[in-house]
Amino acid sequence: MDDQYVIGIDFGSDSVRVLIVDAGDGRECATALCEYPRWKAQRYCDAGKSQFRQHPLDYIESLEMAVRDALAACEPEVAARIKAISIDTTGSTPVAVDREGTALAMLPEFAENPNAMFILWKDHTANAEAEEINHLARQFKIDFTQYVGGIYSSEWFWAKILRTLRVDYQVREAAYSWVEHCDWISALLTGETDPLTIRRSRCAAGHKAMWHQTYDGLPSEAFLTALDPLLSGLRSRLYTETYTADMAMGTISKEWASRLGLPEDVKIGVGAFDAHMGAVGAMIEPYALCKVIGTSTCDILVAPNESVGHLLIKGICGQVDGSVIPGMLGMEAGQSAFGDIYAWFAQLILNPVRDLLGMELAGEIHDKIIPYLADKAKALPVTKDDMVAVDWLNGRRSPDANHTLKGSMMGLDLGINSIKIFKALVESTAFGSKSIVKRFESEGVPIKEVIAIGGVARKSEFVMQILSDVLQVPIKVAKADQACALGAAMFASVVGGIHSDLAQAQQAMGTGFDAVYIPRPEESRIYQHLYGKYLQAGTFVEEVYVTSKVI
């Protein structure tokens, strides 16, 4: 029998990655990466306002280039044997669309309007709207936030929509519906983009849009109009049914088959979020916490519905039947900044160098600064008197979302240098991870092991060892360099009929683990003390500093 291939496509924050694999054994045929050119040029973003937007052309152009590059690296016959494509994206990353499902930024009159573009997951311009949603939910006859941890986030679907409708009349008048990135790009490949009929992701809908079976879909019209009359009627232009990622969105269109150089019978799967498909690619099992560690983190758990489905887990980013593995409860948490914190500190050091010595010299140092800091910090002892930092530089996602919070450093003195600060920042991200683990455990969900994937997990032994010490558990690092794309490929193999279900796909295509970090007893003991200081510092930030009116 001829080899059968599938394509997993992973849309990250900065680039798209394409992985072509043999569905029979998971053997990698080729991989390719393409950065988003407009995003790289920092267009349509304003970090000071926490505005982060991406143009749909970045997705389309980068997708086409990366797929063609990956196919060019394979044997010529591979393209003809591609059976299916599945896609993961960041989220919640919604966009306003017209009646045909065209993203408004694709229309000439909206081509340069950031509000007509995809609102990236880390955009926090809707903090006020999120708080309004939470306030109303606590008073309404049904708490529509109960399955998303009891707190709605400004990073999510409804808050971003409401904010955009309020601030942009032109977009408000032109927007027929709204679509998540993972739904939009998958539907685009089929050529069937009608927002009323495309198959919406269970993963995106359940975790970010408050969709749940018991509500007959999305929050009620009464709730939405009570929130703001601008939302009146939108529910009927969205969706009621959702679909797990082992289902087909449709078949590739003739246009996209030609553009990508693929057969016209290639199946396109229903999309999902990157972390959820990444957990599948990392061979997640019940009660294993899969940490997707990059610029931010997303923590994924799965468990049998019959064991934990009755729980309402407070302060996480949702619990959704089938959002990760069909037939199991998927749970999500995460940190709004992880690797971003290290990159921020590196830039803090480099910016004066750039100003004083020029771009060329600064560019030579850029890629060396974080490994240098990590190497020096590794040699420092861990003591109870170490300074402590709080990792909320981009707000707090979990537990208990609050994106108005700020980071902090406690215990500074004249003996503190850049190496000690970097060490404290790394420890703060580990402490943030520990607070998530503690929340799951206190809510009745045990965590039996930790799996790590993502750039930080694969590149930084220093960070991963501290994380193991702080969590006090071994951490396995998945061997797959592109675990999210591999998870998407596994789903594609089911969508394409190569494997009967996801379990069979994982068994055939999984690549295992290539590193394990074991907690060091003495460091772990000290970190428990420092974690207590972290909690105290966080309480000060949240209850005293942020809420204080004293200047």
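The values are calculated or read from the model by the stated rules, or taken from the named source; none is laboratory data. All figures in this text were calculated on a predicted structure; none of them were measured in a lab. Neighbour counts run over all protein chains shown; Cβ positions are idealised from the backbone, glycine included.
Worth pointing out:
- Some residue of region 27-49 being in contact with a helix residue (DSSP H, G or I) (Cβ under 6 Å, 6 or more places away or on another chain) and small (Gly, Ala, Ser): yes
- The single condition among (1) free of Cβ contacts under 8 Å to residues at least 12 places away in the same chain; (2) in contact with a Pro (Cβ under 7 Å, 6 or more places away or on another chain); (3) part of a loop (DSSP other than H, G, I, E, B) that Ala257 does not satisfy is (3).
- Some residue of region 280-291 being at pLDDT 95 or above, farther than 29 Å from Leu218 by Cβ and within 14 Å of the chain's Cα centre (by Cα): yes
- Scanning region 376-411 for residues that are of a type in the set (Ser, Thr, Tyr) and modelled with pLDDT of 95 or more yields Thr383, Ser408.
- Meets criteria (outside the structural domain of Ile451 (by TED's automatic domain parsing), assigned to a strand (DSSP E or B) and acidic (Asp, Glu)) for Asp246: no
- Of the residues making up region 430-472, just one is under 20 Å from the mean Cα position of the chain (by Cα) and free of Cβ contacts under 8 Å to residues at least 12 places away in the same chain, namely Lys459.
- For beta carbons closer than 6 Å, sequence separation of 6+ or different chains, a first residue in region 383-403 that is more than 19 Å from Asn127 (Cα to Cα) and a second that is part of a strand (DSSP E or B), the qualifying pairs are Val388/Met410; Ala389/Met409; Val390/Ser408.
- Positions within region 33-58 being surrounded by fewer than 16 Cβ atoms within 10 Å (Cβ to Cβ) and touching a residue at least 40 places away in the same chain (Cβ under 8 Å), in sequence order: Lys49
- Criterion applied to Val67, Val18 was being within 27 Å of Asp123 (Cα to Cα), hydrophobic (A, V, I, L, M, F, W, C) and touching a residue at least 12 places away in the same chain (Cβ under 8 Å), and the one residue passing it is Val18.
- The residues of region 435-464 that are within 14 Å of Tyr527 (Cβ to Cβ) and surrounded by fewer than 19 Cβ atoms within 10 Å (Cβ to Cβ) amount to a single one, Lys438.
- Those strands (runs of 3 or more DSSP E) lying entirely in region 303-420 with at least 3 residues in contact with a Lys or Arg (Cβ under 8 Å, 6 or more places away or on another chain) and either surrounded by 19 or more Cβ atoms within 10 Å (Cβ to Cβ) or not assigned by TED's automatic domain parsing to the domain that holds Glu132 (or both): 328-335
- Total residues in region 294-315 satisfying the condition of being β-branched (Val, Ile, Thr), within 28 Å of Ser15 (Cα to Cα) and modelled with pLDDT under 95: the figure is 2.
- Of the residues in region 227-243, not one is small (Gly, Ala, Ser) and either in contact (Cβ under 8 Å) with a residue 60 or more places away in the chain or not assigned by TED's automatic domain parsing to the domain that holds Leu120 (or both).
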